[in-house]
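Undergrad: Structure below; questions to follow.
The values are calculated or read from the model by the stated rules, or taken from the named source; none is laboratory data. What you are looking at is a predicted structure, and each value in this text was computed from that prediction instead of being measured. Quick reminder, even Gly has a Cβ in these numbers, built from the backbone with ideal geometry, and neighbours come from all protein chains shown. In case anyone asks, the SASA skips ligands and DNA or RNA and just uses the protein heavy atoms, side chains included. Shrake-Rupley method; radii C 1.70, N 1.55, O 1.52, S 1.80 Å.
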Amino acid sequence: MTTTWLEIACDIPAAFVDVVAAYLSDLSGTGVCIENLNVDAFSHAEIDHSPIKTVKAYFSDEEDVDARLREIEQFLHELEFRNPGLCLAMPVMSSVSSEDWSTSWKANFKPLRVGRRLMIVPTWEEVPPSSDDIVLRLDPGMAFGTGGHETTRLCLELLEGIMDDLPTLLIPSVLDLGTGSGILAMAAVRLGAGRVCAVDIDPQAIEVARENLVVNDLADQVECSTTPLEALIETFDIILANILAEELVRMATQLIERLKSGGMLVLSGILAEKEAFVRNGFSQTALEYRETRRDGEWVALLFKRVAAP
Ligand code: SAH
């Protein structure tokens, strides 16, 4: 069903965003959306903060939205009055339909080939028939990981290479730290891993990952949880961590502790300019640096554990 919503958008200087967002959130009862004008980043930490942000609130078209608009204008005038020098643009109203919201992004998510054999196919698309491909069905929902991001693709390529090079008898255990949509964990199983443990600090990501595992018939083969890295006790043959440079370096010691002797560590989510920082953070004697793989402005690093744990 398509519901029509009215969006009221206010351009607000950063220092006043919280107060306006709190007001609009109370008024609408449906929460607000705060848009930064310069968002093209992998994480919140990397967003270039713009001095003006757009705070958007949504009202059902069954409400008296003109009255709401007048209330908002009044609120903004009072805010200006209490803060001499502050000059606010008046809110802009437009209509959106909820169907557009939930489906418009899907138009950009198409079947995608990664590495030699992996094929990532949105759950709502037909699978193009082809014999050797490893097909992963994916609905990223609110979690990160459609395979479209360079950082995910770099991990998948390195993982495929690691699996190709393994001795035939070894069925490796894998830790996917920061699983998001579950894409790396699913690829690991389909490429021949044994026990796969997928964790994420975000419970919503774990929910999405679980749904994707069910769709791919892999629910029994991946253990999904919000267990933090420091609470994991076992060691793994392969660890995949597509997080961010600073977070990876912060977790370096614990990550290495969870890696078996001879095990492989894939670090991704690293902007090229932060490669040296991460390599430095992982320069312990227990690790041997193997490879840097680059895609656009991102790099992924491959290490091997040499000393016994
Ligand atoms: N593995 C997916 C998703 C990567 S996005 C892919 O490659 O596409 C990074 C994920 O790491 C996010 O879902 C985030 O919630 C999670 N994350 C961030 N810090 C974490 C930490 N310290 N421990 C576990 N998960 C973490």
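Undergrad: To the nearest Å, what is the center-to-center distance of segment 276-309 and segment 194-248, using C-alpha atoms only?
TA: Distance between centres, Cα-based: 21 Å.
Undergrad: Near K110, which lysines are there with a Cα under 20 Å away, not counting those fewer than 8 places off in the same chain?
TA: Within the straight-line cut-off, K110 pairs with nothing.
Undergrad: Follow-up. For segment 190-309, rounded, prolate or oblate, judged on the Cα gyration tensor with a ≥ b ≥ c (square roots of eigenvalues), a/c < 1.5 rounded, else prolate if a/b > b/c? Intermediate values should be presented prior to the final figure.
TA: Values: a/c = 1.78, a/b = 1.42, b/c = 1.26.
It is prolate, given that a/c is not under 1.5 and a/b is the larger ratio.
Undergrad: For segment 147-305, with only Lys/Arg (+1) and Asp/Glu (-1) charged at the beta-carbon, what is the dipole magnitude about the Cα centre, in debye rounded to 20? Please report the intermediate quantities before stating the final value.
TA: On the way: 14 positive and 25 negative charges, 87 e Å.
That gives a dipole near 420 debye.
Undergrad: Please report Rg over Rh for the chain, where both radii come from the alpha carbon positions and Rh follows the Kirkwood definition.
TA: Values: Rg = 23.1 Å, Rh = 21.8 Å.
Looking at the chain, the ratio lands at 1.06.
Undergrad: Compute the projected area of the convex hull of the Cα atoms of segment 185-260, averaged over all viewing directions, and report it in nm² to one decimal place.
TA: Details: hull surface 20.3 nm².
Average projection, Cα convex hull of segment 185-260: 5.1 nm².
Undergrad: Let me ask something else. Taking +1 at the Cβ of each Lys and Arg and -1 at the Cβ of each Asp and Glu, which of G269, L302, I72 sits farthest along the dipole of the chain towards its positive end, judged by Cα position relative to the Cα centre?
TA: Going by the Cα projections, it comes out as L302.
Undergrad: Below 15 Å, Cα to Cα, which aspartates and glutamates can K260 reach? Residues fewer than 8 away in the same chain don't count.
TA: D176, E234, D237, E288
Undergrad: Place the peptides 86-95, 15-24 in order of packing, highest mean first, counting for every residue the other Cβ atoms within 10 Å and averaging per peptide. Could the numbers behind the result be given before it?
TA: Values: 86-95: 13.1, 15-24: 17.5.
Top of the packing list down: 15-24, 86-95.
Undergrad: Please compute the net charge surrounding A231, taking Lys and Arg as +1 and Asp and Glu as -1 over other residues with Cβ under 15 Å from its Cβ. Mind showing how you got there, number by number?
TA: Working: positive: R258; negative: D200, E223, E230, E234, E257.
Around A231, the surrounding residues sum to -4.
Undergrad: Here is a follow-up. Of the residues T226, T54, T151, which exhibits the maximal mean-square fluctuation in a Gaussian network model of the chain defined by a 10 Å Cα contact cut-off?
TA: Of the options given, T54 has the highest mean-square fluctuation.
Undergrad: Another question, then. In the chain, carbon and sulfur make up what percent of the accessible area (probe 1.4 Å)?
TA: Details: 7880 of 15400 Å².
Roughly 51 percent, rounded to a whole number.
Undergrad: What FRET efficiency comes out for K110 versus E291 if R0 is 35 angstrom and r is the Cβ-Cβ distance? Round to the nearest 0.05.
TA: For K110 and E291, the calculated efficiency is 0.75.
Undergrad: Can you tell me the equivalent ellipsoid semi-axes for segment 121-226? Use √(5λ) from the Cα gyration tensor, largest first, whole Å. Please list the in-between numbers first.
TA: Details: eigenvalues 78, 59, 33 Å².
Taking √(5λ) for each eigenvalue gives 20, 17, 13 Å, largest first.
Undergrad: How many nm separate the modelled label positions at E246 and E223, each set 7 Å beyond the Cα in the direction of the Cβ?
TA: Rounded to a tenth, the inter-label distance reads 3.2 nm.
Undergrad: Hey, can you find the accessible area per residue of the chain for me, probe 1.4 Å, expressed in square angstrom? Kindly include the intermediate steps, with their values, before the conclusion.
TA: On the way: 15400 Å² over 309 residues.
Heavy-atom SASA per residue in the chain reads 50 Å².
Undergrad: Okay, moving on. What net charge do the residues around E207 carry, taking every other residue with its C-beta under 14 Å from that of E207, with Lys and Arg at +1 and Asp and Glu at -1? Working shown, then result.
TA: Values: positive: R210; negative: D139, D200, D202, E211.
Net charge in that neighbourhood comes out at -3.
Undergrad: Rounded to whole Å and sorted largest first, list the principal axis extents of the Cα atoms in segment 251-309.
TA: 35, 16, 15
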